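The values are calculated or read from the model by the stated rules, or taken from the named source; none is laboratory data. None of the values given here were measured: they were computed from a predicted structure. Cβ coordinates were reconstructed from backbone atoms using ideal geometry, including for glycine residues, and neighbour counts include every protein chain displayed. Note: areas computed on protein heavy atoms with side chains; ligands, DNA, RNA excluded. Shrake-Rupley method; radii C 1.70, N 1.55, O 1.52, S 1.80 Å.
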Amino acid sequence: MRISLILLAAFLMTGLASATDLNGPQRARYQQLTGDLRCLICQNRSIADSDAPLAKDLRHIVARQIAQGRTDAQIKQYLVDRYGQWVLYDPPFEFATWLLWLGPFALLLVGLIMALTIVRKRRDAPRRHAELDRARLARVLGETDKPINRPRKDHS
Amino acid sequence: MRWRVVVPAVVVAGLVVLLGYGLTRQPSILPSALINKPAPAFNLPTLDAADKRVGSDVLKGHVTLVNVWASWCVACREENDLVTEISQRTGVPVLGINYKDKRGDAKRWLARFGNPFAVVAFDRSGQVGIDWGVAAVPESFVVDRHGMIRYKVVGAITRKEMNKVLIPKLKQLQQAS
Amino acid sequence: MIPELGHLALVLALCLALVQAILPVYGFVRSRPDYLGVAAPAAVGQFVMLGLSFCSLAYAFYANDFSVAYVAENSNTQLPWFYRIAAVWGAHEGSLLLWMMLLSTWSVAVAFASRSLPRDVSSCVLAVMGSISSGFLIFTLFTSNPFARVFPAPAQGRDLNPLLQDPGMVFHPPMLYMGYVGFCVAFAFAITALITGRVDSAWTRWTRPWTLAAWMFLTTGITLGSWWAYNELGWGGWWFWDPVENASFMPWLVGTALIHSLAVTEKRGIFKSWTVLLAITAFSLCLLGTFLVRSGVLISVHAFVTNPTRGIYILSFFGVVVGSSLVLYAVRAPRFEAGTEPVEVLSREGLLLLNNIFLVVAAAAVLIGTLYPILAAGLGLGRISVGPPYFDKVFVPLTAPLVVLIGAASVMAWKRTRPQTLRSRLWLPLLLAIIVGVLLPWVTLGTWGVAAVAGCVLGSWAIVSALEDVVRRVRGSRLMLPRQIMGQTLAHVGVGVFVIGVSLVSAFGSERDVRMAPGQSVVFAGYNFTFHGVEEQKGPNYTSQTGEFTVAHNGRVISHLHPAKRHYVESDALMTESGIDDGVFRDLYLSLGEPLADKAWSVRIYYRPFVRWIWAGGFLAALGGLLALSDKRYWRRQKVRHSARVRASTQTVDA
């Protein structure tokens, strides 16, 4: 009993729990998570893709914590506590990042609204032109000839 | 609606200002996530003797400079003399954390380049380094008398940084009660 | 001696570029037509000088002249000769020379092809290109001279960055730069339009083929780059949303929008100022990309060795060029706002308007994501990273609607389309797309997933609806289709193929780290991988530890793979060479990790279904661009100058 406990402790301490010991769903989480964490000392690579010693250590930590049953959020928090938000390739939605997350969609909204107004304006434009012309025509022809204005009312 | 044609020029002006600011900073240097937070707890064997241990309690009661180093790290060699100088000029003890090293190599290194450290903790696995948010050695932390991290230097300490920042900071923290 | 000749040629090129930039403007202002004519010969002269300069540098590399600092830093006598030539563009200075050399190639092409254009238009275009060229030549000569000598000359060079020692290096940068620089032509035409105040269908007709050509090169360049990264980096990925990749992707998105909006402006004479703005934006983003790659403001895998002075110069140049263009735009664009013709939502122009919005917003999203870390740091919000998970989440909803729109592209008629027409022509493609999309993952991979099926349906939709148009046209007329239509169809099919590839590889792609000792086998993704050990090999400038693997499927050996760890002697760098068994429906990809105890190695196995479809889609799209470019309407001698007649004659061809 005691020996097995010591073995377990050694197992957890030395980080023998590597990615190879994870089961199917855990391995999928490991893949996903290591892909979403930045190797801090590399030129823009995730810890999954890097050969740097630190990336290797962090991979071990992720694997070990997954094996210990910690959630993705807990593992991310563990690393953020130590390295800051910089370690996350997937910045959480918060005050510092609202513009990042909402900006593109706000722009899309603005774009669609602008397109819609253009379409509206252009669709109405010729009609308005026609009306204007008719009004001008009416003026030119002289105010005496009132009935010519009447169709306008029907129109609008 | 003529304002619309001005928007692109304004956007680009903003962009140029942003990028101009971007040029003034060093993207690869990271501030620590631990500034103004308590120094992470640790309990490690000392470099001198595997059976002796050194823990977080050594940080309590006085200002400390914590220097994370390794014998395989070239930049550590450059800053070693400056670390000694800081310790001598301020009287602040330096706690060394020997990061992912071999005992023999580390001891030989100290014998050869000089030992500025009051005590060296031996972090073979690098776990304490990770707890301290160390990305690459050397890194140095200024810890105040309450065990709070107040400042961090990434990479080798330069003479300029020592004179301009580190020594004044250490002295100021020493005076603060 | 030869490097000095190259340097001198570079100086002369600058003089000629200045002539090309300034004299036509003088002639324009003073109404002296003889000065306008100087632009074309100056462009030719500049091309000759830059060519000479380029060849001098290439010769210095070929002859291992290490007294040239740039050669000493980026080459080595052990380097094979083709990599020595490619090393010309292996770092900052030489790649800048390639940039300018290609720019002057475009200038010469413009000078020859636009002889039928009005003299003031062609010389204005060349003047704009000349000033861009001058800016870069000044930059090169004063901050990044590739011919600078070093004394004493080292006996051996420091070798080309091992990452670049790949066949991809020979083709990818020239293609990519051709694309980048090509948008300068569209930009120059846009500036000309703003100056002369004319955006008619003659203008769009001149601008379109240049834009198409640039787009084609950029598409090819990006696709090659992705392929190269997959082969060379050893991570099994094809796109990393790295700042440098984004720098090439943003102009591509805007350039794609430009191609489509040019069509509207040509056919309907509307959205003129928008089209001009897109042309300016596309090239501005190319300049921005140059800045991002060479200034060091962002951390990237691919960035050049950087230096702040260069950053300041490029940023100022960017500010001056783009700033002045946009100020010019703000002043002159309002006069293009003439068209008041109605635009229906259900019409080709309505569709293309939507296309433009999605593409431009997608480009803006990439820009925001790329630069946000700088913004956050500037606003004191801390250091954050923006990486692939962000882009995947934001980009997919912004681009998926585009693929939906593609389906309607060929059915939508100009001016107005009745909903009934859409319904009657699109129900069959939709049905087919659903059937194909649902069956494809099942038949080829034997698995299913919601995202994968959605992606496959979307991709098939683009393909089937594009083909429906071809089938209908061929049946209807029995005539040869215009190349432009074929090009459009091919490009849209390419998008569909790409979408299928992306969705399947991201849904079912998987990888696994294993420890393998010689003789050991591992079963992964239904394949049996056996490791036979590692053997030392010697390359021209590296030593390699090459693994020997066999892959078996259903008890039969289907492939021998040799992933390797290479150690480049001179640069002391370790590179991972992947071993890839490629296939139409899946790639098996092996990369060696590190040696472990007992001759075992850590090995990473990747299973990448449909990954080839991604590049196939890219190349198809580029081929579509080439086909459209070869349409004879662009190559006819332009006899008709009057826009009205041009419009009338084209409307029947491809309305």
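Could you calculate the contour length gain from C:V471 to C:T143, that is, 0.36 nm times the residue separation minus the distance between their Cα atoms, to one decimal place in nm?
112.4 nm
Per residue, how much accessible area does the protein assembly as shown show when a 1.4 Å probe rolls over the protein heavy atoms, in square angstrom?
With all protein chains present, the protein assembly as shown gives 43 Å² per residue.
In square angstrom, rounded to the nearest 10, how much accessible surface does C:R383 have for a 1.4 Å probe?
For C:R383, solvent-accessible area is about 40 Å².
Please report, in whole Å³, the volume per residue of the convex hull around the C-alpha atoms of the stretch C:33-156.
Taking the convex hull of the Cα positions in the stretch C:33-156, it is 92 Å³ per residue.
What Cys residues in the protein assembly as shown are without a partner cysteine, judged by a Cβ distance under 4.7 Å?
C:C15, C:C55, C:C124, C:C184, C:C286, C:C456
Take each of the peptides C:307-314, C:361-368, average the number of other beta-carbon atoms within 10 Å over its residues, and list them starting from the highest.
The most tightly packed comes first, giving C:361-368, C:307-314.
Rounded to the nearest 100 Å², what is the buried accessible area between A and C, both sides summed, probe 1.4 Å?
Its buried surface, counting both partners, is about 4000 Å².
Positive end of the charge dipole of the stretch C:114-247 (Lys, Arg +1 and Asp, Glu -1 on Cβ, about the Cα centre): tell me which of C:I132, C:A148, C:Y180 has its Cα farthest that way.
Of the candidates, C:I132 comes out farthest on the positive side.
Given a cut-off of 18 Å, what percent of all Cα-Cα pairs of the stretch C:121-199 lie beyond it?
The answer is 64 percent, as a whole percent.
If you line up the long axis of helix B:7-24 against the longest principal axis of chain B, both from Cα atoms, how many degrees apart are they, to the nearest 10?
Roughly 20 degrees, rounded to the nearest 10.
Which order do the peptides A:32-45, A:68-81 take when ranked by the mean count of other beta-carbon atoms within 10 Å per residue, highest first?
Result, highest mean Cβ count within 10 Å first: A:32-45, A:68-81.
What share of the DSSP beta bridges in the stretch C:510-611 is antiparallel, in percent to the nearest 5?
Here the share of antiparallel DSSP bridges comes out near 100 percent.
Could you please state how large a percent of the accessible area of the stretch B:33-175 is carbon and sulfur, counting protein chains only and using a 1.4 Å probe?
That fraction is 51 percent.
Just to be sure I understand: of the beta bridges DSSP finds with both ends in the protein assembly as shown, what percent are antiparallel, rounded to 5?
Just about 85 percent of them are antiparallel.
With the Cα gyration tensor of the stretch B:55-135 in hand, give its eigenvalues times 5 under a square root as the equivalent ellipsoid semi-axes, listed largest first in whole angstrom.
Semi-axes from the Cα gyration tensor: 18, 17, 11 Å.
State to the nearest 20 debye the size of the charge dipole of the stretch C:510-611 about its Cα centre, where the only charges are +1 on K and R beta carbons and -1 on D and E beta carbons.
300
Computed over the Cα atoms, what is the radius of gyration of the protein assembly as shown divided by 2.2 N^0.38 Å, N being its residue count?
Taking N as the residue count of the protein assembly as shown, the ratio is 1.05.
Evaluate peptide C:559-567: per residue, the Cβ atoms of other protein chains within 10 Å of its Cβ; return the mean as an integer.
0
By average Cβ neighbour count within 10 Å, what is the ranking of C:466-473, A:58-65 from highest down?
Per-residue Cβ counts within 10 Å, averaged per peptide and sorted highest first, yield A:58-65, C:466-473.
Across the stretch C:504-513, in residue order, what do the Karplus-derived ³J(HN,Hα) couplings come to in whole Hz, using 6.51 cos²θ - 1.76 cosθ + 1.60 with θ = phi - 60° and x for Gly and Pro?
6, 6, 7, 7, 10, x, 8, 9, 8, 8
Taking the dipole about the Cα centre of the stretch B:33-175, with the C-beta of Lys and Arg at +1 and of Asp and Glu at -1, give me whichever of B:G147, B:L44, B:S125 is farthest to the positive side.
B:G147
Run through every distinct alpha carbon pair of the stretch C:510-611 and return the Kirkwood hydrodynamic radius in angstroms, one decimal place.
With all distinct Cα pairs of the stretch C:510-611 included, I get 13.9 Å.
Going by amide H atoms built from the backbone, whose H comes under 5 Å of the H on C:E344, apart from near neighbours?
Under 5 Å from the amide H of C:E344: C:G350.
Using a probe radius of 1.4 Å on protein heavy atoms only, what is the accessible area buried between chains C and B, both sides summed, to the nearest 100 Å²?
2000
In whole percent, how big is the carbon plus sulfur part of the accessible area of the stretch C:223-298, probe 1.4 Å, protein atoms only?
73
Charges on Cβ only, +1 for Lys and Arg, -1 for Asp and Glu, centred on the Cα centroid of the protein assembly as shown; of C:S226, C:G380, C:P401, which one is farthest towards the dipole's positive end?
Comparing the listed Cα positions along the dipole, C:P401 ranks first.
Over the whole of C:360-370, what's the average partner chain Cβ count within 10 Å per residue? Rounded to a whole number, please.
4
Taking the DSSP beta bridges in chain B as the whole, what percent of them are antiparallel, to the nearest 5?
About 60 percent, rounded to the nearest 5.
Tell me, what HN-Hα J-couplings in whole Hz come from the Karplus equation 6.51 cos²θ - 1.76 cosθ + 1.60 at θ = phi - 60° for each residue of the stretch B:140-152, using x for Gly and Pro?
10, 10, 9, 10, 7, 5, 8, x, 9, 7, 10, 7, 9
Of the heavy-atom accessible surface of the stretch C:510-611 (probe 1.4 angstrom), what whole percent is carbon and sulfur?
So the carbon and sulfur contribution to the accessible surface is 49 percent.
Under a 5 Å amide H to amide H cut-off, with H placed in plane at 1.01 Å, what residues pair with A:R45 once short-range neighbours are removed?
For A:R45, the qualifying residues are A:C39.
For C:A451 paired with C:V48, estimate the spin-label separation in nm (one decimal), with each label point 7 Å from Cα along the Cα-to-Cβ line.
According to this spin-label approximation, the distance is 5.8 nm.
Note the direction-averaged projected area, equal to a quarter of the hull surface, for the Cα convex hull of chain B, in nm².
Computed as one quarter of the Cα hull surface, the answer is 13.4 nm².
What does the average come to when, for each residue of peptide B:13-19, you count the partner chain Cβ atoms lying within 10 Å of its Cβ?
Taking all residues of B:13-19 together, the mean is 6.
Just reorder B:C73, C:C55 by solvent-accessible area, largest first, 1.4 Å probe, all chains present.
Accessible-area ranking of B:C73, C:C55, largest first: C:C55, B:C73.
At 4 °C and 1.567 mPa s, what whole-number value in µm²/s does Stokes-Einstein give for the translational diffusion of chain C, with Rh from the Kirkwood sum over Cα pairs?
It comes out at roughly 49 µm²/s.
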